[in-house]
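In what follows, a structure is listed as structure tokens, so that the remarks can point back to it.
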């Protein structure tokens, strides 16, 4: 499995997420992704699941500012392309519920916004204790896909990671690189 980190991910070269020591990772590539910060290539094919990483502070900056409109466009593009975008947050549910002392946007409103994004854009969100757990959680998703599907079936992976023998590849003729201006 090859982990793919978006070139715009802050400090990507310095390992914002540390994937070292996690079994099954052949290498990490830095590519301009159309959505999110991390994805993987399994059996030579991009997996249609992307993780958008947010530190606790980044979550508030994105959801409670002008960046929110850009993020909504990114979610809409992902949904239109039939790929799964997952928001992975460094912090737990209670941390978010308690809010951010540096924001006028309260925690209750943030949780409501996350729930709305789930229903409107199918944006799943996952809470993690720290960056190391975040890296592990991302790898666990892609490792499960790698374990479950042979090279012949890797093009049949749905956005949820399930296999569908009747599903054409989501990536036939598509590039993993970013082809939009944000």
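Those residues that are closer than 15 Å to residue 75 by Cβ and surrounded by fewer than 13 Cβ atoms within 10 Å (Cβ to Cβ), I need them from region 110-132; list them, please. Can you show your working first?
At the first step, the residues of region 110-132 found to be closer than 15 Å to residue 75 by Cβ are 113-125.
115, 116, 119, 120 - these are the residues of region 110-132 that are closer than 15 Å to residue 75 by Cβ and surrounded by fewer than 13 Cβ atoms within 10 Å (Cβ to Cβ).
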**Asked** So which residues in region 64-87 are over 20 Å from residue 126 (Cα atoms) and either touching a strand residue (DSSP E or B) at 6+ places or on another chain (Cβ under 8 Å) or in contact (Cβ under 8 Å) with a residue 12 or more places away in the chain (or both)?
**Response** 70, 73, 77, 81
**Prompt:** Would you pick out the residues in region 74-91 that are modelled with pLDDT of 95 or more and under 12 Å from residue 59 (Cα atoms)?
**Reply:** 87, 88, 89
**Request:** Please enumerate the residues belonging to region 1-32 that are part of a loop (DSSP other than H, G, I, E, B), at pLDDT below 90 and surrounded by fewer than 16 Cβ atoms within 10 Å (Cβ to Cβ).
**Result:** 7, 8, 10, 11, 15, 18, 20, 21, 23, 24
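The values are calculated or read from the model by the stated rules, or taken from the named source; none is laboratory data. Remember, predicted model here, so these are calculated numbers, not experimental data. Counting neighbours? That spans all protein chains shown, and the Cβs are built from the backbone with ideal geometry, glycine included.
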